Amino acid sequence: MLNIVDAGESHGPALTAIITGLPYGLKVDIDEINEDLSERQKGYGRGARQTIEADEVIIQSGIRGGLTMGSPVTLQIKNRDFDNWKSTMDSAQKNTDNNNLLVPRPGHADLAGATKFHQDDLRNIIERSSARKTAIKVAVGSLLKQFLAVFGMEVTGFLERVHNIEVNEKINFTTLKSDISASLFRTPYRQYEQAFKKSIDEAKKNGDTIGGVIRVIATGVLPGIGSFTDDDLRLDSAIAHAVISIGAVKGIEIGNAIENSGLFGSQVHDEIFSENGGIARRTNRAGGIEGGMSNGEPIDIRCFMKPIPTLMKSLNSINLKTGKPDKAIRERSDTSAVRAASIVAQSVVAIVLSRFFLMKFAGDTMSEVIDSHNRYLEYLNTSGRYIASSFEADL
């Protein structure tokens with residue numbers, strides 16, 4: 001059973017993740033992980049923290065000679081900014097700067113977290129609820145994308161919308177990766193980039209923040225990953241849980257769920273056809289998941305990200321010590337982090353797909369997992385149950 005636990009604070013010494021359940025013999029490219037970490041830090045509208053950190057993964061255990069050992073894999077990312085915060089974040093010495101944070105930011109974990117843990121100092125809440133911890137999720141997800149690639153699966157996240165700028169165009173999946181890699185905004189909609197930039201510039205000028213929509217597409221996922229038998233085995237519910245765990249993401253859509261809610265059933269459900277001795281769909285309104293299971297079509301997800309709750313134009317709040325009105329605290333913040341969140345979103349989806357894949361194709365070694373996967377693929381091909389995607393180039 002693949003399991004991941006991560007730890008670390010925003011301004012602590014490091015972020016760490018431990019991965020258990022990875023089979024022996026997975027070839028790992030550390031440079032690929034570092035490339036994804038670099039992508040998470042890029043983007044128009046990002047804040048000053050990204051100029052301080054230069055994230056690189058450190059392998060602490062579980063990988064030797066470029067291969068997983070079958071034992072727990074430990075990944076770590078150092079926080080360079082810790083050097084500037086030692087007096088505040090030292091694990092042994094009491095904080096002596098007398099700078100307890102007492103004014104919570106609306107929209108953040110500050111007030112609810114301080115209430116839950118009986119805290120007077122919001123620093124104890126801010127440090128772990130910070131988006132900084134998504135860096136280690138990206139490292140884990142990047143590693144697991146390499147696992148999925150062995151079996152022909154690929155997960156790609158990109159920016160679909162900034163603020164209220166609507167984009168109503170289809171994408172060509174065959175050129176998607178090259179399109180987004182050449183984009184400042186990691187988007188295939190290059191003609192909208194100037195509008196995205198203008199929107200971010202306006203928000204920054206006003207001391208404000210803006211959100212947007214991220215899209216994640218996973219291809220090569222065979223039918224039958226996940227299950228209808230128990231709620232916790234449903235692939236869609238696990239993906240929803242993972243996506244909503246990204247701090248500023250407040251909504252998720254799988255397929256055309258929002259549009260589908262206003263249509264007739266005859267307009268919504270993806271009809272099944274017999275083509276070339278197999279099964280095919282001509283639409284993918286379900287987003288590649290039916291009954292909690294992958295159906296062989298691309299898994300298509302949209303993530304709705306709210307504006308970041310730390311604003312340079314502070315919102316109204318209260319001082320927890322005095323109870324009097326005050327302005328919310330201001331930490332370093334981004335004007336827009338939607339582009340960066342696309343890397344985080346693809347990472348958490350890769351984590352879920354890897355976990356569910358290993359539920360079905362378990363093994364202590366990569367060769368055992370590959371054998372199990374190949375037997376299932378043979379069954380799909382010989383039984384005529386393989387669902388071949390016929391419209392992947394136009395999503």
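Key figures for this structure:
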quantity	calculated
Matching residues in the range 311-333 - criterion: being over 30 Å from VAL155 (Cα atoms) and either buried (at least 18 other Cβ atoms within 10 Å of the Cβ) or β-branched (Val, Ile, Thr) (or both)	LEU311, SER317, ILE318, LEU320, THR322, ALA328, ILE329
Failed item in (1) part of a loop (DSSP other than H, G, I, E, B); (2) surrounded by fewer than 20 Cβ atoms within 10 Å (Cβ to Cβ), with GLY43 passing the rest	(2)
Hits in the range 225-240 - residues which are buried (at least 19 other Cβ atoms within 10 Å of the Cβ), among the charged types (D, E, K, R) and touching a Ser or Thr at 6+ places or on another chain (Cβ under 9 Å)	ARG234
Residue count, the range 308-343 (criterion: touching a strand residue (DSSP E or B) at 6+ places or on another chain (Cβ under 8 Å), outside any loop (DSSP other than H, G, I, E, B) and either aliphatic (A, V, I, L, M) or touching a residue at least 60 places away in the same chain (Cβ under 8 Å) (or both))	10
Which numbered condition GLY251 misses (of (1) small (Gly, Ala, Ser); (2) under 30 Å from ARG330 (Cα atoms); (3) assigned to a loop (DSSP other than H, G, I, E, B))	(3)
Meets criteria (modelled with pLDDT of 90 or more, under 22 Å from the mean Cα position of the chain (by Cα) and surrounded by fewer than 21 Cβ atoms within 10 Å (Cβ to Cβ)) for HIS163	yes
Only one of ILE289, ILE200 that is modelled with pLDDT of 95 or more and surrounded by 13 or more Cβ atoms within 10 Å (Cβ to Cβ)	ILE289
Residue in the range 151-172 that is among the small types (Gly, Ala, Ser), touching a residue at least 60 places away in the same chain (Cβ under 8 Å) and in a helix (DSSP H, G or I) present	no
All positions within the range 283-307 that are assigned to a strand (DSSP E or B), hydrophobic (A, V, I, L, M, F, W, C) and within 17 Å of ARG234 (Cβ to Cβ)	ILE289, MET293, ILE299, ILE301
Residue that is surrounded by the fewest Cβ atoms within 10 Å (Cβ to Cβ), among those in the range 1-32 that are among the β-branched types (Val, Ile, Thr) and not in a strand (DSSP E or B)	ILE30
Enumeration of residues in the range 241-269 that are over 28 Å from ILE308 (Cα atoms) and surrounded by fewer than 17 Cβ atoms within 10 Å (Cβ to Cβ)	SER261, GLY262, LEU263, PHE264, GLY265, SER266, GLN267, HIS269
Members of the range 6-49 found to be under 26 Å from LYS205 (Cα atoms) and out of contact with any Leu (no Cβ under 9 Å at 6 or more places or on another chain), listed by number	GLU39, ARG40, GLN41, GLY45, ARG46, GLY47, ALA48, ARG49
Odd one out for ALA182, checked against (1) over 18 Å from the mean Cα position of the chain (by Cα); (2) in contact (Cβ under 8 Å) with a residue 12 or more places away in the chain; (3) under 29 Å from PHE147 (Cβ atoms)	(2)
Single condition ASP81 does not satisfy, out of (1) crowded, with 16+ Cβ neighbours inside 10 Å; (2) modelled with pLDDT of 90 or more	(2)
Test: residue in the range 134-144 that is at pLDDT 95 or above, out of contact with any Asp or Glu (no Cβ under 8 Å at 6 or more places or on another chain) and not polar (S, T, N, Q)	yes
Qualifying helices (runs of 4 or more DSSP H) (wholly inside the range 57-130; at least 2 residues being of a type in the set (Lys, Arg))	123-129
Some residue of the range 359-377 being at pLDDT below 95 and under 21 Å from GLY288 (Cβ atoms)	yes
Members of the range 84-111 that are surrounded by fewer than 16 Cβ atoms within 10 Å (Cβ to Cβ) and within 17 Å of ILE308 (Cβ to Cβ)	PRO106
Residue match in the range 211-224 (condition: buried (at least 17 other Cβ atoms within 10 Å of the Cβ), more than 22 Å from ILE171 (Cβ to Cβ) and under 16 Å from the mean Cα position of the chain (by Cα))	no
Selected residue (criterion: farthest from the chain's Cα centre (by Cα)) from residues of the range 225-261 that are among the charged types (D, E, K, R) and within 23 Å of PRO188 (Cα to Cα)	GLU259
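The values are calculated or read from the model by the stated rules, or taken from the named source; none is laboratory data. Computed from a predicted model, the values in this text were never measured in an experiment. With ideal geometry, Cβ positions are generated from the backbone for all residues, glycine too; neighbour counts draw on all protein chains shown.
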